[in-house]
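The values are calculated or read from the model by the stated rules, or taken from the named source; none is laboratory data. No experiment lies behind these values; they were computed from the predicted model shown. All Cβ positions, glycine included, derive from the backbone under ideal geometry; neighbour counts span all protein chains shown. The area values use the complete protein model at the heavy-atom level, side chains included, leaving out ligands, DNA and RNA. Shrake-Rupley method; radii C 1.70, N 1.55, O 1.52, S 1.80 Å.
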Amino acid sequence: MTASTPSANSRAEESNEIHDPLADSFPNSLVGRFLFWLAVAFSVYQISIAAHVIDLPSQVMRAVHVAFLMALGFPLLALGRGFGPLAKALCWLFALAGVAVAAYQWIEYTPLLFRAGDPNTLDLIVGCVAVVGVFVAAWILMGPALPIICGFFLAYALFGQYLPSPFNHRGYAFEQVVEQIAYGTEGIYGIPVYVSATYIFLFILFGSFLEKAGMIKLFTDVALGLVGHRMGGAAKVSVLSSGLMGTISGSGVANVVTTGQFTIPLMKRFGYRAAFAGGVEATSSMGGQIMPPVMGAVAFIMAETLGVQYVEVVKAALVPAILYFAGAFWMVHLEAGKRDLRGLAADELPSARKALKEGWYLILPLAVLVWLLFSGYTPLFAGTIGLALTGMLILGASIAMGMSSMTVRVIFWIFLGLCASAFFKFGINALLLVLAALILASVLFKGGRETLGVCRDSLAEGAKTALPVGIACALVGVIIGVMTLTGAANTFGQFIVSVGQDSLFLSLVLTMITCIILGMGIPTIPNYIITSSIAGPALLALGVPLIVSHMFVFYFGILADLTPPVALACFAAAPIAKESGLKISFEAIKVAAAGFVVPFMAVYTPALMLQDGGTLAATIGYWPAVAYIIFKALLALALWGSCVIGWLGRPLAIWERGIAVVAAFSLVAALPITDEIGFGLTLLFGLLLWRRRGAVSA
């Protein structure tokens, strides 16, 4: 099997560079080495904050986090974009300005508290520098979409009093707007930056260490071994491997260019159309953002925003995520059947059992992480422990390889396991001492020194990977600051609520369209923050349960990366698939049917997200309602897939496809007698298939 060929890799690198100016490694130059070690220092600082080795006031901690983002981001962007001397000088100037802003916040921390509400001239200058720096960094890194949206909100705060009613506000002084956005914890240093500086950075580092340790290869080999031999196995490998990768990845687009370099050429090689192959990879990769436990780190922001335990967010996300991937599996299975695309040859496939036997230990940190999260530990503690255990495994494995006796290795691993369990009694400090001992021991071995180099590189790569998310979190704080200051969300919410009094379904459609528009070209985390701030309260006012309303806007914000005209994930797949991004987008929408269907069904029957409420649960009981709505969702997805692909054991006539889609829509709608109509049409569809199959057999 030669799916991972140099040409495939080069196409992936080209795609990565197009959609991520930070895709290249640190340049091999004096500046590059300086930035490399700055990135390492950034990661060490964040780990020290998480482990409480360093304790700073929350405001200062957030400001230092943003300072690192500016100091590392601007020079790296200048190198990645190939800027000329003048542009590079400006980038370095912005980087130094970002550091100066943090230093000002730290030095003037107490005086700033006393001057709250009455900033002086220097406060305003520093505040303006902070806001401009974040806008410029986001524009260079992610393009104009997010800065333009945030710019509209900033303009609304400054000039909204001149708008006609009901969109106007009472007016706010320039000083008041700057203080709201650039100081305190309701602007660029708000909850998004707090979560970026704690949970998100840790989980990005966690994923970076696991990737360096070989987790991508483990996921790919397991996926190939499990489903590669089945009908349409190449596409099923994409769905499974991208879903697994999504459990540790914080970016759907990064997932596309990571796993897509292998899966897309593999699908094309086995007969899938280029557009369909790209659509499957884009759909699967974005699905990783809704798959627990990490969910692109949105799970932690959602828990923080809603004031609920992390386990409640995961509980709500679990069934919809399974349905999403089940729908994608069904679509690729039907496409394979329609085109008679068989599985991969057995001699080309790795053994899933062998892959797990060799790399099972890589799953341990992820398993411990999930166990800690579900046991009620905070995400910050769980992430810190998970990262420490990953480091212990990587370093311990290199030391154990240098031991000649199997008995000594077993004793070593038992001892290391006992040391790892010490955190239950002595906390994170015990693990830090064990890590320090492992680092000292690794210095004595050649293999250990190489492993230390891998860990060092993981620290640097993790910090670089965190840049887009962190900068986006800082910029999206502008929206939150303006919304808090002006109450702008109420205006939109009142409009949605007024529509919902006549038609909840129409309100949901308007909210869906709003979320898709606001989510275009914006990373997962700021995407959720924007859509939940604007549209979430409106759905809550219409009686939609709190978590369900946030999941609704989160799902459609995610799907913005699959829908035209932006379709960022699809355009990331385009150079690898050698196909138009728009064509890939249209295929992705078909494959991702569950993502569009499940949120609507959950609003009408919250039991689909394992939430109380809804008339069905009140009528037949909670667990019967859960079983019923899951069965109905699976049936609707099966019918939709049959209609879209036009095949179910045999080609379907156009009128048969029409019956299937009407039945699917009827099962999704929660109107009087629609379920009865849906089940009746499903029975009719099944009878027609049975009769025609019998006629063909005769």
>> Just to check I understand the Karplus step: with θ = phi - 60° and J = 6.51 cos²θ - 1.76 cosθ + 1.60, what whole-Hz values come out for the stretch 382-393, glycine and proline as x?
In response: 4, x, 5, 5, x, 5, 5, 5, 4, x, 5, 5
> When the chain is fully extended, how far beyond the present Cα-Cα distance does Leu364 get from Lys338, taking 0.36 nm per residue of separation?
Replying inline: 5.3 nm
> Is the stretch 112-238 rounded, prolate or oblate when judged by the Cα gyration tensor, a ≥ b ≥ c being the square roots of its eigenvalues, rounded requiring a/c under 1.5 and prolate requiring a/b larger than b/c?
Replying inline: prolate
> Taking 0.36 nm per residue of separation and subtracting the Cα-Cα distance, what length does fully extending Ala155 through Thr110 add?
Replying inline: 13.2 nm
> What is the spin-label model distance, in nm, from Trp92 to Ala41 if the labels are put 7 Å beyond Cα along the C-beta direction?
Replying inline: 1.6
>> For Trp647, what residues show an amide H to amide H distance below 5 Å, using hydrogens built from the backbone and excluding near sequence neighbours?
In response: Leu652
> Any idea how far apart Val53 and Phe426 come out in nm if each label point goes 7 Å out from Cα toward Cβ?
Replying inline: 1.6
> Summing -39500 (n - 2.57) over the DSSP H runs of n ≥ 4 in the chain and dividing by its residue number, what mean residue ellipticity at 222 nm do you reach, to the nearest 500 deg cm²/dmol?
Replying inline: -25000 deg cm²/dmol
>> Explain nothing, just compute: Karplus ³J(HN,Hα) = 6.51 cos²θ - 1.76 cosθ + 1.60, θ = phi - 60°, for every residue of the stretch 42-54 in order, whole Hz, x for Gly and Pro.
In response: 4, 5, 4, 4, 5, 5, 5, 5, 5, 8, 6, 5, 10
> Among Lys268/Lys632; Lys236/Lys632; Lys338/Lys583; Lys88/Lys583; Lys338/Lys632, which pairs are too far apart, with a Cα-Cα distance over 29 Å?
Replying inline: Lys268/Lys632; Lys88/Lys583
> Rounded, prolate or oblate: which fits the stretch 41-133, taking a ≥ b ≥ c as square roots of the Cα gyration tensor eigenvalues, rounded meaning a/c under 1.5, else prolate when a/b beats b/c?
Replying inline: oblate
>> Once R0 is set to 45 Å, what does the formula 1/(1 + (r/R0)^6) return for the Cβ-Cβ distance between Leu306 and Thr407, expressed as a FRET efficiency to the nearest 0.05?
In response: 0.30
> Assigning unit charges at the beta carbon (Lys, Arg +1; Asp, Glu -1) and nothing else, what dipole magnitude in debye, to the nearest 20, does the chain show about its Cα centre?
Replying inline: 1880
> Using a 1.4 Å probe on the protein chains only, how many percent of the accessible area of the chain belongs to carbon and sulfur?
Replying inline: 68
> Shape of the stretch 248-392 from its Cα gyration tensor (a ≥ b ≥ c, root eigenvalues): rounded if a/c is under 1.5, otherwise prolate when a/b > b/c, or oblate?
Replying inline: prolate
> When ranked by the protection proxy of mean other Cβ atoms within 10 Å per residue, highest first, what sequence do the peptides 362-371, 109-118 form?
Replying inline: 362-371, 109-118
> Tell me, what ³J(HN,Hα) does each residue in the stretch 471-482 have, in order and in whole Hz, if you take phi through Karplus 6.51 cos²θ - 1.76 cosθ + 1.60 with θ = phi - 60° and put x for Gly and Pro?
Replying inline: 5, 5, 5, 5, 5, 5, x, 4, 5, 5, x, 5
>> Per residue, how much accessible surface does the chain expose to a 1.4 Å probe? Answer in Å², no decimals.
In response: 40
> According to the Kirkwood expression over distinct Cα-Cα pairs, how big is the hydrodynamic radius of the chain, in Å?
Replying inline: 26.6
> What FRET efficiency comes out for the pair Glu175/Ala618, r = Cβ-Cβ distance, R0 = 45 Å, nearest 0.05?
Replying inline: 0.30
> Expressed in nm to one decimal, what extension gain is obtained for the pair Tyr377 and Leu163 from 0.36 nm per residue of sequence separation less their Cα-Cα distance?
Replying inline: 72.3 nm
>> Can you return the lysines within cross-link range of Lys212? Criterion is Cα-Cα under 16 Å, with same-chain partners fewer than 8 residues away left out.
In response: Lys464
